[in-house]
Amino acid sequence: MTSAEDFDRWYADRAASPLADELVRRTLALPPGLESTSMLGGAGLDEVASALGLGTGRVLLDLACGRGGYGLEIARRTGCRLVGVDFSAVAIEQARERSGGDFRVGTLTATGLWTASVDAVIVIDALQFAESKPDALRECLRVLRPGGRLAVTCWQAVDPGDDRVWRRIRELDLATQLPEAGFTDVEVVDRPEWRTAERRMWEESLDVEEPDAAMVSMQQEARHVLSGFDRKRRVLATAAKPR
């Protein structure tokens, strides 16, 4: 899936499938009620939230937020104000219905937000969908206030020359791309332990009998992901906008 229309259908199916959400929350050890649209587990969420340094009066942008689950949880923990942006109108409507929060339609490269208007940005498992990774990172830099923090979770190819890995994953090289976009205090670390829960989620999804539409989609993705699971590595990147 790459288009907003693809994701609109995906989110519509997921809304009718409590089974899929329960499986994801359980295998990834997520907080009760968090509606995930990615593979970031509870331990990763703790690490991302800690890296942002947020508190009351600060503003967090959850970019490519989906249904808003991760941003809403960080806002609950820290007292910050949340703005969510996603290119799926269906996801944005679901996020608004759930929380009544500030969720808007926009893209990774055109958020529609004012320059220097937020204190932190998270991009959870979505940067690969940007046609231009440098443009997406520059948009994150633009909307951040000086000193603001960025946290990105994603996958990168173990071998960037391995054309069995999806092109948009092979294009990710955050250790190079973040400084080139203008960020400082860049740290990119592997998180192989996150992959254990991710593998378990995919494997357990294949055991579900009589799946609904959302589970059928998950099972199709599981077969594809597991066939090349060891060709990708899990990455957490953090960085700051210069003061």
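Considering only the stretch 46-92, how many residues are touching a Leu at 6+ places or on another chain (Cβ under 7 Å) and either among the β-branched types (Val, Ile, Thr) or more than 18 Å from ASP119 (Cα to Cα) (or both)? The total comes to 5.
Do we have LEU172 as assigned to a loop (DSSP other than H, G, I, E, B), within 17 Å of the chain's Cα centre (by Cα) and under 30 Å from LEU141 (Cβ atoms) here?
Yes, satisfied.
Screening VAL225 with (1) on the phi < 0 side of the Ramachandran plot; (2) open to solvent by 30 Å² or more (accessible area, probe 1.4 Å); (3) free of Cβ contacts under 8 Å to residues at least 40 places away in the same chain gives one miss only, at (2).
The residue that is nearest to the chain's Cα centre (by Cα), among those in the stretch 228-243 that are open to solvent by 60 Å² or more (accessible area, probe 1.4 Å) and closer than 16 Å to PRO192 by Cα, is ARG233.
Scan the stretch 175-201 for residues that are in contact (Cβ under 8 Å) with a residue 12 or more places away in the chain and either of a type in the set (Ser, Thr, Tyr) or part of a loop (DSSP other than H, G, I, E, B) (or both) and jot them down. Of everything in the stretch 175-201, those that are in contact (Cβ under 8 Å) with a residue 12 or more places away in the chain and either of a type in the set (Ser, Thr, Tyr) or part of a loop (DSSP other than H, G, I, E, B) (or both) turn out to be GLY182, PHE183, THR184, ARG191. The set of residues in the stretch 58-104 being more than 16 Å from ASP125 (Cα to Cα) and hydroxyl-bearing (Ser, Thr, Tyr) consists of THR78, SER99. State all residues of the stretch 171-198 that are open to solvent by 80 Å² or more (accessible area, probe 1.4 Å) and farther than 15 Å from ARG149 by Cβ; if no residue qualifies, say none. Of everything in the stretch 171-198, those that are open to solvent by 80 Å² or more (accessible area, probe 1.4 Å) and farther than 15 Å from ARG149 by Cβ turn out to be GLU180, PRO192, GLU193, THR196. Just wondering, is there one or more residues in the stretch 61-68 that are closer than 19 Å to SER3 by Cβ and open to solvent by 10 Å² or more (accessible area, probe 1.4 Å)? Yes, the stretch 61-68 contains at least one residue that is closer than 19 Å to SER3 by Cβ and open to solvent by 10 Å² or more (accessible area, probe 1.4 Å).
Restricting the search to the stretch 11-33, which residues are in contact (Cβ under 8 Å) with a residue 12 or more places away in the chain, open to solvent by 30 Å² or more (accessible area, probe 1.4 Å) and either among the basic types (Lys, Arg) or over 16 Å from TRP202 (Cβ atoms) (or both)? Scanning the stretch 11-33 gives ALA12, ASP13, ALA15, ALA16.
The residue that is farthest from the chain's Cα centre (by Cα), counting only those in the stretch 72-101 that are open to solvent by 50 Å² or more (accessible area, probe 1.4 Å) and charged (D, E, K, R), is GLU97. The numbered conditions (1) within 19 Å of THR176 (Cα to Cα); (2) more than 17 Å from the chain's Cα centre (by Cα); (3) not β-branched (Val, Ile, Thr) are all true for SER117 except (1). Being over 13 Å from the mean Cα position of the chain (by Cα) and small (Gly, Ala, Ser) is a description that applies to ALA43. Is it the case that GLU204 is under 19 Å from MET39 (Cβ atoms), more than 19 Å from the chain's Cα centre (by Cα) and part of a helix (DSSP H, G or I)? Considered against the rule, which asks whether it is under 19 Å from MET39 (Cβ atoms), more than 19 Å from the chain's Cα centre (by Cα) and part of a helix (DSSP H, G or I), GLU204 comes out as yes.
Scanning the stretch 207-222 for residues that are open to solvent by less than 50 Å² (accessible area, probe 1.4 Å) and either polar (S, T, N, Q) or assigned to a helix (DSSP H, G or I) (or both) returns ALA214, MET215, SER217, MET218, GLN219, ALA222. For the stretch 34-60, filtering for residues that are acidic (Asp, Glu), without any contact (Cβ under 8 Å) to a residue 40 or more places away in the chain and either part of a strand (DSSP E or B) or surrounded by 21 or more Cβ atoms within 10 Å (Cβ to Cβ) (or both) leaves 0.
The values are calculated or read from the model by the stated rules, or taken from the named source; none is laboratory data. Just so you know, these numbers come straight off a predicted model, no measurement behind them. For neighbour counting, all protein chains shown are included, and Cβ atoms are generated from backbone atoms with ideal geometry for every residue, glycine included. Accessible surface areas use protein heavy atoms only, side chains included; no ligands, DNA or RNA. Shrake-Rupley method; radii C 1.70, N 1.55, O 1.52, S 1.80 Å.
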